[in-house]
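Worksheet: one structure, shown below.
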Amino acid sequence: MVEKEKSEEVKLSARAEWTAYSTAFVNIGILPMIQLIVPLWCLVSLGMSATMIGIAVGARSFLAVIFSIHSGALLDRLGVRRVMIYCAIASIALSMLYPLVPVITPVMTTQFVLVIALQLITGFLHTIGWIGSQTQIGQLTRGSPKHMGRFTAVTNVASFFTAPIVGWAWDIGQASGIGGAWPAFAVIAAFNLILWISVALMPIPDSVAVPTGRPTLRSLLPSLVDYREAFHLFLLPTVAFVVIASFLMNGLIQVRMNFLGLYMESVGYEGRIIGLVSGFAFLVAGLTALPTGWARRHMAPYWIVIVMFALVAIGNGIVPIYEGIPGLTFTTIVFGAGVGLGMAFILMLLSRSVPVEQFGLSVGLRTTGNRFGATVVPPIAGFVIDLAGGDIGAGFYVMSILFSLGAIGITILALRSPSIRDAFSKD
């Protein structure tokens, strides 16, 4: 078994490894900033209800539900670096349009529509970039547990650092009288600029053939063949397990990252404290993502994913019990521990389920499931909160119970599928 693990080790150049991790760090680091600031901004500055905030948050993932598979195929056809450069440049400009919304119109309905439009576009661009980051590391390493563990650790540590930074920027804006939106969204634009630089330095893997000419219009348009191939992959039990597990895990992450800030604001915390508590979950996740190789030697990967999901559900479900920092920190540790090791194995299992030429397509399929959850979960949670008379804790309770029922489903799938047990054995 040791010899097999050594044979699976992949050696990367310093440039390839550095840019893969730095691109992932910045790319995923933007997400918790948006998840923290947009709900706070909509509540504090625009005065929206929980349901409206949930819809606005969910809109960020709507286009990705439809086009993630196409995005993955596009990355396979045109190359990760080329596509990600365009996305980063567009995101720099669009980030600074957010604080202009109340300047453009004082009418809440119109503001709501403008926020949804921005969320639709920037969310889709960010999703393409994140698919690109995952495709790049998959192409470079072929699912190496060591590198996937490092990749997951880097992305989680990014979320720890970026959430407090944008929370601090929000507090500065609120204290200065200009409002938290301008400095907060300026920080997000700056991170997109750094992303552009990192992507521009990214090497193209030797195993990938990328066209050098200008892309044709046909290559840019969605293809039904891509969707058929993606859903054909979904018929494989191993791929289905990974996609469903990822959907469930991401759904609970969406609840926490979009509504924990509202919960903490309701009990009197400022932006920088909210950012620290939110981000701390991903510092914990970054640490727990590292021992993937060790964990794999002691338990079958699919069982690791299921157990880690249980931790995530518990970490979310007990949030409303606490208002003090010690209690909220405890929920954060439980949640973060589950996210770290669980997501590392989800990425590893997906990379080992498909051939290298279909990495982008498979990541697009997984992202479709994730983005579907990110589209529908926040509005449902917001509706539950409004239905409970503004009780944000009710959203945590209800969503944790619903997703736990889903976890029972994938457990049954794993137990009844010999192909999952054979493909994802601990050896």
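So if I check each of Val166, Val154, which one is touching a residue at least 60 places away in the same chain (Cβ under 8 Å), within 21 Å of the chain's Cα centre (by Cα) and within 22 Å of Val83 (Cβ to Cβ)? Quick ask: steps written out before the conclusion?
Values: Val166 fails: within 22 Å of Val83 (Cβ to Cβ).
Result: Val154 is the single residue among Val166, Val154 that is touching a residue at least 60 places away in the same chain (Cβ under 8 Å), within 21 Å of the chain's Cα centre (by Cα) and within 22 Å of Val83 (Cβ to Cβ).
With the condition kept exactly as written, say whether any residue in region 149-162 is out of contact with any helix residue (DSSP H, G or I) (no Cβ under 6 Å at 6 or more places or on another chain), more than 23 Å from Leu349 (Cα to Cα) and surrounded by fewer than 20 Cβ atoms within 10 Å (Cβ to Cβ). Within region 149-162, one or more residues are out of contact with any helix residue (DSSP H, G or I) (no Cβ under 6 Å at 6 or more places or on another chain), more than 23 Å from Leu349 (Cα to Cα) and surrounded by fewer than 20 Cβ atoms within 10 Å (Cβ to Cβ). The C-beta contact set for region 187-205 (first residue in contact (Cβ under 8 Å) with a residue 24 or more places away in the chain, second residue charged (D, E, K, R) and crowded, with 17+ Cβ neighbours inside 10 Å, distance under 8 angstrom, 6+ apart or interchain) comprises Val199/Arg81; Ala200/Arg81; Met202/Arg81; Ile204/Arg81.
Can you pull out every residue in region 38-62 that is polar (S, T, N, Q) and in a helix (DSSP H, G or I)? So that I can check it myself, show each step before the final result.
Just the residues of region 38-62 that are polar (S, T, N, Q), to begin with: 45, 49, 51, 61.
Result: Thr51, single match.
Only residues that are touching a Gly at 6+ places or on another chain (Cβ under 9 Å) and under 18 Å from Leu43 (Cβ atoms) were counted in region 387-419, giving 3. For region 237-251, the count of residues that are at pLDDT 80 or above, in a helix (DSSP H, G or I) and out of contact with any helix residue (DSSP H, G or I) (no Cβ under 7 Å at 6 or more places or on another chain) is zero.
Going by the conditions given, is Val243 closer than 30 Å to Gln174 by Cβ and either touching a Leu at 6+ places or on another chain (Cβ under 7 Å) or of a type in the set (A, V, I, L, M, F, W, C) (or both)? For Val243, the condition - closer than 30 Å to Gln174 by Cβ and either touching a Leu at 6+ places or on another chain (Cβ under 7 Å) or of a type in the set (A, V, I, L, M, F, W, C) (or both) - is not met.
Is it true that Leu287 is under 29 Å from Met52 (Cα atoms) and in a helix (DSSP H, G or I)? Steps first, answer last, please.
Working: under 29 Å from Met52 (Cα atoms): no; in a helix (DSSP H, G or I): yes.
For Leu287, the condition - under 29 Å from Met52 (Cα atoms) and in a helix (DSSP H, G or I) - is not met.
Let me confirm something: among Pro99, Pro39, which residue is surrounded by fewer than 24 Cβ atoms within 10 Å (Cβ to Cβ), touching a residue at least 12 places away in the same chain (Cβ under 8 Å) and over 24 Å from Gln139 (Cβ atoms)? Working first, answer last.
Numbers: Pro39 fails: surrounded by fewer than 24 Cβ atoms within 10 Å (Cβ to Cβ).
Pro99 is the lone residue from the list that is surrounded by fewer than 24 Cβ atoms within 10 Å (Cβ to Cβ), touching a residue at least 12 places away in the same chain (Cβ under 8 Å) and over 24 Å from Gln139 (Cβ atoms).
In summary, helices (runs of 4 or more DSSP H) completely within region 321-427 and bearing 3 or more residues that are hydroxyl-bearing (Ser, Thr, Tyr) and at pLDDT below 85 occur at 359-387.
From the list Ala64, Ala90, Ala24, Ala56, the one residue that fits, being in contact (Cβ under 8 Å) with a residue 12 or more places away in the chain and surrounded by fewer than 20 Cβ atoms within 10 Å (Cβ to Cβ), is Ala90.
The values are calculated or read from the model by the stated rules, or taken from the named source; none is laboratory data. Since this is a predicted model, take the numbers as computed values, not measurements. Positions of Cβ are backbone-derived with ideal geometry, glycine not excepted, and every protein chain shown enters the neighbour counts.
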